[in-house]
Each structure stands twice: as C-alpha cells, then as structure tokens.
Amino acid sequence: MSPAPSPAAGIYVCEVFSAIQGEAMLVGERQVFVRLAGCNIRCAYCDQPEALERHPGPCLLERRPGARDWEVVASPLPVGTVVDAVWTLWRALPHHSASLTGGEPLMQMGRALELATALHARSIPVMAETNGTLVGAIERIAPFLSYVSMDVKLPSVDGAGVSMATQRAFLDTALGAGVPTWVKIVVGPATDPSELDAAIDMVAVAASGQPGSPPPVVFLQPLTPFAAATTAPSPEQVLGFQERALRHYRRVRVVPQTHKAIGQR
C-alpha cells in the first residue's frame, strides 16, 4: 500500500463527475461524485481497483454534467481545485448532494475534512460512502456531513477480515453525531448466515442505543459479478437473506447496484 501523502501534497483524486446514485438510500438521485484514491482494505469483489492505491497519476474532471467530456489533470490536486470542479457541475444542473467515495475517502482524513468543510460552506450537502472502519476519522468529519452510507463487511463475502467491533464503534459514532446514516451489506452465494445474523444484530443494538436518532435502514446488496472472480447470489438466496435479516431487524431492504444495470459509472 502506498505511503500517506505529505501535508503539502494535496489530495489524491481519481475523478470528479456527475451521475446517478445507484445504491442504498439515495438510489436514483443525481449526485456529484468525488472519487478519492486509497483504501485500507481489499474486498474480493471490488469494482474500482484503480482507486485502491494512493499515488500520483491522471485525474478526470468532468466539464459538463453527464457529458463525460473529461479534462485530464495530474493528481494529487489542491483541495480548492477539487471544490471548483464540484462547483462547476453543481451550478450547471440541480444535484441532490455530493458523494465522497473511493477507495475509502476517509483515509485522506486531513484533506477530506478540508474538502467537506469547503463544500459545506457552499451549502452543498455531502455524503461519505465509507467502509466504516476509521472511527477517529468519522468523529472529525461528521459535523460537515449530511449523510453517511456505511458498509458492513462480511468476511465470507469480502474476504477483508474487518472487525465487527470496529464497525459497531463507527456506526455508534455516526449515529451519535446525528448524521442520517444507513448500512449496506453485500451478500453473495457464499454468505455465511451466522455472519449476516451478527451484522444485523449489531445494527439493531446500535439503533436501540440511539433513541433520538432515526434507526438506520439496512440495505442488502446482491453481489454484482466483477470479472471472473465473483458470482451473484441466486434469487432464492436473496429472498432467504432478507427473510433471515427481517427476523432480527425490521428495517431491511434489498437494492442491487442499479447504476451497473443502466450502464452508469
């Protein structure tokens, strides 16, 4: 994994573009996506391998929303340049919010905080799409977020070995900060039922501990096949996963990656 950038290096960005959110609570909404580079885990089904490492390279900045008329610049970039790229798209078309995604956007915490603060100052709602592992980071950035879309990782699907205790601490922190938060769990044909049970129970307990916050919705996301390494669960399996989850927690929905189905980025 690449070393962390120096404070003067700017922020490592893969692309800034306008597209349709294809996952979880905001599915179908138009967002400006800021894909940051670098991730602290390696999921078996990752469909953004170009965003896994932080290193200098080309960055794509879309000039007009959805036109894919890219300006290619060198990353890392000054945070102000990224803010300007988001603003160009934001003012050209009504968008719901801006999504900080990756990779894992909270890995570059100092620069991500600077970016979220600047977008917040321009009255742009910011969502963090995160793997839910960096508890200290969410504590710092939460005041400048409007939404958190948090993954909960199942070892039988992701192969990433993420600690459930860490994910519980992350969820508690996001909910405790009052940020509307939902949980996404990718399910595949090899999903271990006991792992799914544990994940759903963890969310239920976290929700019960934050009575003043809206309980998070859990989104089961059937694995989208990527290359030859992954296969989707069967329709019967997906029905079974949701039935199992609903016996533990009432707020469970199934939403596939709809942006993949319609050919979006």
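Rule-based calculations on the coordinates, nothing more; no lab input. Please read all numbers here as calculations on a predicted model, not as lab measurements. Don't worry about glycine lacking a Cβ; one is built from the backbone with ideal geometry, like all the others, and counts go over all protein chains shown.
Of note:
- Extreme residue, positive dipole direction of the chain, given options Thr224, Pro125, Ile141 (C-beta unit charges): Pro125
- Computed on the stretch 66-181, the Cα convex hull volume stands at 124 Å³ per residue.
- A full extension of the chain between Leu93 and Glu50 corresponds to an added length of 12.7 nm, given 0.36 nm per residue minus the alpha carbon distance.
- Taking every DSSP helix (H) stretch of at least 4 residues in the chain, weighting each as -39,500 (n - 2.57) and dividing the sum by the residue count yields a mean residue ellipticity at 222 nm of -9500 deg cm²/dmol.
- Shape category assigned to the stretch 146-186 from the gyration tensor of Cα positions, a/c cut at 1.5: oblate
- Rounded to 10°, Cα long-axis angle of helix 79-92 versus longest principal axis of the chain: 80 degrees
- Each Cα pair under 8 Å and six or more residues apart adds its sequence gap; the mean of these over the residue count of the stretch 13-261 is a relative contact order of 18 percent.
- Antiparallel DSSP beta bridges within the chain, as percent of all bridges there, nearest 5: 35 percent
- For the stretch 13-261, with +1 on Lys and Arg beta carbons and -1 on Asp and Glu, the positive-most of Val152, Thr101, Pro233 along the dipole: Thr101
- Ranked by the mean number of other Cβ atoms within 10 Å of their residues, highest first, the peptides 168-174, 236-242 come out as 168-174, 236-242.
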